[in-house]
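One structure is given here, and the rest of the page talks about it.
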Amino acid sequence: MTTIKSIFIVDDDSITVFGIKKLLSSVVICDNIVSFPNGKDAIDAIKVLINTPAKLPEVIFLDINMPILDGWGFLDEFVLLPIHKIITVNIVTSSINVLDREKAMTYRFKTQHTLTYNTKPLSKEEIQKITTAA
């Protein structure tokens, strides 16, 4: 099993959050899995943790469509933050729109962080691949 210090799940759908947590528990050892119902709460938490890189998440599961600040808004702010640690950001969405996938991939050129894109629901194999890469 892979060991990860911290994982953030940014999704307003409680069923998706529950499912990701359940799958994570079967493939990783992690004592700090935190969920946020929108991008604003997550980006605010990251801004607080920036000065303590050890507490920053190693993996972020990010939904695109959320209230207050959606996944795109989160990414717009996230790529500008002075984070030296490489974080795996995995977009997890129910969108099958090709334009969303293409837009997500443009963020790869804006950041040193690892960015992946998956559609809901995630499988155990996908979760394992994402967390192993981190």
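FYI, it's all coordinate maths here, none of it is from the lab. Just so we're clear, the structure is a prediction, and the values are computed from it rather than from any experiment. Every residue, glycine as well, gets a Cβ built from its backbone with ideal geometry; the counts of neighbours run over all protein chains shown.
Computed quantities for the displayed model
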{"quantity": "Electrostatic dipole magnitude of the range 2-128 [Cβ: Lys, Arg +1; Asp, Glu -1; Cα centre; debye, to 20]", "calculated": "340"}
{"quantity": "Length gained when the stretch VAL48-ASP76 is fully extended (0.36 nm per residue, less Cα-Cα span)", "calculated": "8.3 nm"}
{"quantity": "Dipole of the chain, positive end: most advanced residue of ILE96, ILE127, ILE46 [Cβ charges, Cα centre]", "calculated": "ILE127"}
{"quantity": "Residues GLU126, GLU58, GLU102, sorted so that the one with the fewest Cβ neighbours within 10 Å comes first", "calculated": "GLU102, GLU126, GLU58"}
{"quantity": "(i) -0.31; (ii) -0.27; (iii) -0.50, with the label sought being that of the calculated log10 I(q)/I(0) by the Debye sum over Cα atoms at q = 0.10 Å⁻¹", "calculated": "(ii)"}
{"quantity": "CD proxy at 222 nm, helix term only [per DSSP H run n ≥ 4: -39500 (n - 2.57); per residue of the chain; nearest 500]", "calculated": "-11500 deg cm²/dmol"}
